[in-house]
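Note sheet for the following structure.
Every number here is computed from the coordinates shown, using simple stated rules; none is lab data. Given the structure is predicted, the values throughout are model-derived calculations rather than measurements. Positions of Cβ are generated from backbone atoms using ideal geometry, with glycine treated the same way; all protein chains shown enter the neighbour counts.
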Amino acid sequence: DITALRYLAGEIDTLLILAPSGVHSQWNTEQIPEHMTEDVEYETFSMNASRRHKGDDTFRACLRTSKLAVFSLNVESLVSDIGRKTILEILERRKNVFIVMDESTRIKNPKSATSKFAHKIADRCKFKAILNGSPVSKGAEDLWSQYSFLSKSILGSNFYAFRNKYCIMGGWEQRQIIGHRNLEELQNILDRYSSRVRKEDC
């Protein structure tokens, strides 16, 4: 729905979906056809991290289309050479991109190569969204990288400053997170950027 509204308003020309393997292709084969409004014409392309050469003609057609271009890639594309090359080519050719990170806990570790590249490409996208089926993360520390993907202004640009504010450190040389604090303040911030729908309400 959000994609359709933004496309019809002329705000985006591309939807780039990053999702777990298998789920990523279901976006194009099941979810987009079922839910996209009839007012929007679109072209789709799906790719596993190492298999683009099998669908290169489809990829090129999707790059060139004047319709809404929908690219769905598995999250492993963020760390594979062909995956990164494909994503960068999309961002070079398509100027108004809405990027969606499905199962965003995949980028909860700010030090991982996956998270670092995700943040890098998100900075080049016009709109961003993260999705997650789990309403509660392991701890507050898991939230910083996911929300930084959306904007560095939400939880600040420094992970360690965020951790010092919301996590209680202990253990050997104070390097372990042993508790949390200021969680009501954190929740109030996140509420401005989040929505939750329960399965039983769908």
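State which entries of K85/K199; K138/K199; K95/K138; K85/K108; K120/K165; K95/K199 exceed 32 angstrom in Cα-Cα distance in the structure shown. In this structure, K85/K199; K95/K138; K95/K199 exceed 32 Å between Cα atoms. Whole-Hz Karplus values for region 188-201 come out as 4, 5, 5, 4, 6, 10, 10, 9, 10, 10, 7, 4, 5, 8 Hz, taken residue by residue from phi with 6.51 cos²θ - 1.76 cosθ + 1.60 and θ = phi - 60°; glycine and proline positions read x. Here the Karplus relation 6.51 cos²θ - 1.76 cosθ + 1.60, evaluated at θ = phi - 60°, turns the backbone of region 7-13 into coupling constants of 5, 5, 7, x, 8, 9, 10 Hz, with x for every Gly and Pro. Roughly what percent of Cα-Cα pairs across the chain reach past 27 Å? The answer is 34 percent, as a whole percent. Tell me the relative contact order for the chain as a rounded percent, counting alpha carbon contacts under 8 Å between residues six or more apart. Contact order relative to length: 17 percent. The alpha carbon radius of gyration of region 55-99, expressed as a multiple of 2.2 N^0.38 Å, is 1.11.
In terms of the mean number of neighbouring beta-carbon atoms within 10 Å, the peptides 115-128, 31-44, 173-186 order highest first as 115-128, 31-44, 173-186. Taking a point 7 Å out from the Cα of R124 in the direction of its Cβ, the residues of region 1-31 whose backbone N falls within less than 17 Å of it are 13-18. Across region 93-101, rounded Karplus estimates of 3J(HN,Hα) from the backbone phi angles (6.51 cos²θ - 1.76 cosθ + 1.60, θ = phi - 60°) give 8, 10, 8, 10, 9, 9, 9, 10, 9 Hz, Gly and Pro being marked x.
List every residue whose amide H lies under 5 Å from the amide H of E103, counting only residues 5 or more places away in sequence or on a different chain, with H placed 1.01 Å from N in the peptide plane. It is L131, N132, G133, by chain and number. Extension gain, S134 to K67, is 20.8 nm, computed as 0.36 nm per intervening residue step minus the present C-alpha separation. For region 92-187, relative contact order (Cα pairs under 8 Å, six or more residues apart, normalised by length) works out to 23 percent.
Computed across region 1-53, the Kirkwood radius stands at 12.2 Å (inverse of mean 1/r, all Cα pairs). The alpha carbons of region 113-202 occupy a box of 43, 35, 22 Å along the principal axes, longest dimension given first. Here is the size of region 23-101 from its Cα atoms: Rg then Dmax, 12.1, 36 Å. Put a plus charge on the Cβ of each Lys and Arg, a minus charge on the Cβ of each Asp and Glu, and nothing anywhere else: the dipole of region 33-185 about its Cα centre is then about 660 debye. Distance distribution P(r), region 30-149, all Cα-Cα pairs, bin width 10 angstrom from 0: 12, 42, 34, 11, 1 percent.
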